[in-house]
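The values are calculated or read from the model by the stated rules, or taken from the named source; none is laboratory data. Just so it is clear, the model here is predicted, and its values are computed rather than measured. Backbone-built Cβ (ideal geometry, glycine too); neighbour counts: all protein chains shown. Heavy atoms of the whole protein, side chains included, go into the accessibility calculation; ligands, DNA and RNA do not. Shrake-Rupley method; radii C 1.70, N 1.55, O 1.52, S 1.80 Å.
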Amino acid sequence: FGLLGPNGAGKTTTVEIREGFRDRDAGDVSVLGEDPHRAGREWRERVGVVLQSSSLYPNLTVKESLEVFGGYFARPREPGEVIEIIGLTDKANARCRTLSGGQKRRLDLGLALVGNPDLLFLDEPTTGFDPSARRTAWETIRTLRTLGTTILLTTHYLEEADALADRIAVINQGEIIAEGTPAEIKAQTSGKRIRCITSLSLASLFQLPGVTDARQDREAVEIHAREAEPVVRALLTRDPSLSGLEITSAGLEEAFLALTQDNGEKASRNN
């Protein structure tokens, strides 16, 4: 289950309440049939957590770290099995201080898995990863899913949520504004992706009707908009030299931008 939202939307607060790390102001919360704030050790043994950042014991090896943390649980996974799942077989006897940032993040995941949890919270687990490391992490998460672990994932990478999540909720300003499969979320907006070569600046592109995002790469600009026709008409009017025009249907990123912008505009009008 993917939980998406802009910065400050309430993702981490929501997750920390469900993990039992943060008190709620009001309402009821049930996770695995219990209130996380009052749940005891037996409940906590069923939950694994990967925080946005954490610290490892620098002088322990990967295997030793998993053995130490596994000792806190009644029915831990074997450290060797966990090492294989997280892809650190060749680093099993390496001290934590020698690991790269991506390898340390994989060990963070291993420490959350060693207790053999029924439910795993992943709070932006691949932040700071290079593309190759991120793909490796995705395969690890897919493996966990096949093992029967339920996963709650928060991420800023829309491609990641699209690739991994069976269901998604979009949160903005503390409210769930959309929920469903990735396909259902994408279907909630008629957004389009427009690529072209133009002399117009990014600032000018954001002034076009219905544009929700615009970015420049080496070859072209990519514009996200609710509808293509008014944007293309405005582009042709302002830049007769426009070329390389391509229009495709909205992806999850376009849907996310449209949903959160619409919700923000509604909140502003209500205020």
Seminar exercise, completed: Counting only protein heavy atoms and leaving out ligands, DNA and RNA, the solvent-accessible surface of HIS37 at a 1.4 Å probe, in Å² to the nearest 10, equals 100 Å²
Problem set entry | Table column - 3J(HN,Hα) (Hz), the stretch 169-175, Karplus curve with 6.51, -1.76, 1.60, x for Gly and Pro | 10, 9, 10, 8, 6, x, 10
Seminar exercise, completed: Which of LEU252, LEU32, LEU122 fluctuates most in a GNM of the chain (C-alpha springs under 10 Å)? That residue is LEU32
Exercise. For labels at ARG38 and GLN216 in the simple 7 Å Cα→Cβ model, what's the distance in nm?
Worked result: 5.8 nm
For this session: Could you tell me what percent of the accessible area of the chain is made up of carbon and sulfur, with a 1.4 Å probe and every protein chain present?
Result: 46 percent
Problem set entry | Heavy atoms of ARG97: accessible area, 1.4 Å probe, square angstrom to 10 | 130 Å²
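So how strong a dipole does the stretch 128-271 carry about its Cα centre when Lys and Arg Cβ are +1 and Asp and Glu Cβ are -1, to the nearest 20 debye?
On the way: 16 positive and 21 negative charges, 15 e Å.
That gives the stretch 128-271 a dipole magnitude of about 80 debye.
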Exercise. Among LEU56, THR98, ILE83, whose Cα lies farthest out toward the positive end of the dipole of the chain, if unit charges sit on the beta carbon of Lys, Arg (+1) and Asp, Glu (-1)?
Worked result: THR98
Problem set entry | Largest-first ordering by accessible area, 1.4 Å probe, given options PHE256, PHE73, PHE1 | PHE1, PHE73, PHE256
Problem set entry | From phi via Karplus (6.51, -1.76, 1.60), per-residue ³J(HN,Hα) for the stretch 151-159 in Hz, x at Gly/Pro | 10, 10, 10, 10, 7, 9, 8, 5, 4
For this session: Quick one: which residues, 5+ away or cross-chain, put their amide H under 5 Å from the amide H of ALA94? H built at 1.01 Å from N.
Result: VAL62, LYS63
For this session: Would you be so kind as to identify which of SER199, GLN188, ALA163 lies farthest towards the positive end of the dipole of the stretch 155-206, taking Lys and Arg as +1 and Asp and Glu as -1 on Cβ and the Cα centre as origin?
Result: SER199
For this session: Using a 1.4 Å probe and ignoring any ligands, DNA or RNA, find the accessible area of LYS11 and quote it in Å² to the nearest 10.
Result: 10 Å²
Seminar exercise, completed: Residues whose built amide H sits under 5 Å from the amide H of VAL49, excluding neighbours closer than 5 in sequence, are PHE121
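Leaving out ligands and nucleic acids, note down the accessible area per residue over the chain with a 1.4 angstrom probe, in whole Å². Could you put the intermediate results ahead of the total?
Details: 14170 Å² over 271 residues.
Here the per-residue accessible area is 52 Å².
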Problem set entry | Candidate aspartates and glutamates for bridging to LYS91, where Cα separation is under 13 Å - those fewer than 8 sequence places away on the same chain excluded | GLU64
Exercise. Aspartates and glutamates near LYS192 by alpha-carbon distance under 13 Å, same-chain residues fewer than 8 away left out - which ones?
Worked result: ASP213, GLU222, GLU227, GLU229, GLU246, GLU253, GLU254
Exercise. Hey, what does the equivalent ellipsoid look like for the stretch 141-271, semi-axes from the Cα gyration tensor as sqrt of 5 times each eigenvalue, largest first, whole Å?
Worked result: 31, 19, 11
For this session: Go through VAL68, PRO117, THR154 and say which Cα lies farthest out towards the positive end of the charge dipole of the stretch 46-183; charges sit on Cβ, +1 for Lys and Arg, -1 for Asp and Glu.
Result: VAL68
Problem set entry | Under-5 Å amide H pairs with ALA214, H placed in peptide plane, nonlocal only | HIS224
